[in-house]
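Enquirer: What follows is a single structure, and I will ask about it in a moment.
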């Protein structure tokens with residue numbers, strides 16, 4: 001997959017680019033329908049299936065105090081695009097100066113002069129340009145004048161509501177990781193590095209991998225059924241996110257116990273996928289009560305994962 005950036009890269013030599021426009025945070029099931037349309041059209045026209053995204057996320061520049069935590073890092077998004085079968089990704093560096101461009105200037109400079117698009121696809125709520133004044137209607141009109149087609153995909157629904165990154169963030173913020181996964185089309189995951197902890201889990205008989213992550217959105221405090229992936233190997237696991245109140249409140253940690261046995265993971269890259277929430281974090285009267293609860297958590301997680309054939 002070819003990755004280019006505006007304004008840093010020279011014009012990409014993509015034949016007949018068919019481009020999906022948007023931010024695509026989470027690359028959820030609605031986004032994937034848009035990507036699939038782009039891939040289909042590129043196949044029909046012998047063109048290049050690509051996406052155009054903005055980095056940093058525009059709210060970080062326009063209203064940083066209200067910018068939401070992101071579902072993905074940029075690297076995770078690029079990985080997801082490649083997995084979805086795109087041939088190219090154009091990253092537009094979003095700056096205060098670019099935010100002041102009129103919609104027509106963005107179309108002329110980026111879509112026409114730089115990418116030379118032959119067709120663009122956008123979701124129903126895609127807005128662009130200064131004060132978000134650029135609508136799909138304007139995009140289609142400009143395309144008719146300048147020789148490219150603009151197509152729109154209708155919102156994708158799950159049950160009785162529209163799938164959106166905002167709704168997924170809300171579900172994750174409430175710990176409803178299974179519902180968020182249903183909208184994403186996969187388990188929500190975070191990536192990180194296993195770092196040294198204080199060894200308390202090992203002392204209890206449940207050694208844990210302590211994860212340090214760059215992901216912004218971590219589910220709230222609680223105990224979760226998870227899948228830990230290291231080196232392409234999936235490990236059934238239980239994860240505690242919290243402050244370990246039984247031992248006195250400490251800093252927030254992400255600790256994962258592998259159900260298929262101990263492993264020396266220090267320094268390893270680990271992907272942690274959240275399957276279901278088991279319970280809230282709580283304080284226990286003594287260590288034995290805590291160990292009994294962890295044993296029950298592990299049994300429940302095994303049951304959940306067995307039904308998933310993990």
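The values are calculated or read from the model by the stated rules, or taken from the named source; none is laboratory data. All values reported here derive from a predicted model rather than from experimental measurement. Glycine gets a Cβ as well: all are built from the backbone with ideal geometry, and neighbour counts include every protein chain shown.
Each row is one residue, and each column tells you yes or no for (1) part of a loop (DSSP other than H, G, I, E, B); (2) in the same structural domain as residue 34 (by TED's automatic domain parsing); (3) out of contact with any helix residue (DSSP H, G or I) (no Cβ under 7 Å at 6 or more places or on another chain).
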position	(1), (2), (3)
131	no, yes, yes
137	no, yes, yes
142	no, yes, no
171	no, no, no
178	no, no, yes
183	no, no, no
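Enquirer: Next question. If we scan the stretch 10-30, do we find a residue that is closer than 23 Å to residue 76 by Cβ, without any contact (Cβ under 8 Å) to a residue 24 or more places away in the chain and either assigned to a loop (DSSP other than H, G, I, E, B) or outside the structural domain of residue 216 (by TED's automatic domain parsing) (or both)?
Expert: No, every residue in the stretch 10-30 fails to be closer than 23 Å to residue 76 by Cβ, without any contact (Cβ under 8 Å) to a residue 24 or more places away in the chain and either assigned to a loop (DSSP other than H, G, I, E, B) or outside the structural domain of residue 216 (by TED's automatic domain parsing) (or both).
Enquirer: Can you work out which of the residues in the stretch 187-212 that are modelled with pLDDT of 90 or more and surrounded by fewer than 17 Cβ atoms within 10 Å (Cβ to Cβ) is farthest from residue 275 (Cα to Cα)?
Expert: 195
Enquirer: Is it fair to say residue 282 is surrounded by 16 or more Cβ atoms within 10 Å (Cβ to Cβ) and under 23 Å from residue 173 (Cα atoms)?
Expert: Taking the combined requirement at face value, the residue does not satisfy it.
Enquirer: Okay, moving on. Taking residue 270, is it assigned to a loop (DSSP other than H, G, I, E, B), at pLDDT 95 or above and surrounded by 15 or more Cβ atoms within 10 Å (Cβ to Cβ)?
Expert: Answer is no for this residue.
Enquirer: Being touching a residue at least 12 places away in the same chain (Cβ under 8 Å), part of a strand (DSSP E or B) and either touching a strand residue (DSSP E or B) at 6+ places or on another chain (Cβ under 7 Å) or surrounded by 15 or more Cβ atoms within 10 Å (Cβ to Cβ) (or both) narrows it down to one of 120, 110, so name that one.
Expert: Going through 120, 110 in turn, just one is touching a residue at least 12 places away in the same chain (Cβ under 8 Å), part of a strand (DSSP E or B) and either touching a strand residue (DSSP E or B) at 6+ places or on another chain (Cβ under 7 Å) or surrounded by 15 or more Cβ atoms within 10 Å (Cβ to Cβ) (or both): 120.
Enquirer: Regarding the stretch 229-236, can at least one residue be identified that is closer than 26 Å to residue 306 by Cα, part of a loop (DSSP other than H, G, I, E, B) and in the same structural domain as residue 198 (by TED's automatic domain parsing)?
Expert: Yes - at least one qualifying residue is present in the stretch 229-236.
Enquirer: If you go through the stretch 279-300 one residue at a time, do you hit one that is over 30 Å from residue 74 (Cα atoms) and either in the same structural domain as residue 26 (by TED's automatic domain parsing) or in a strand (DSSP E or B) (or both)?
Expert: yes
Enquirer: Look at the stretch 86-107 and say how many of its residues are closer than 17 Å to residue 25 by Cα and either without any contact (Cβ under 8 Å) to a residue 40 or more places away in the chain or under 18 Å from the mean Cα position of the chain (by Cα) (or both).
Expert: Residues meeting the conditions: 4.
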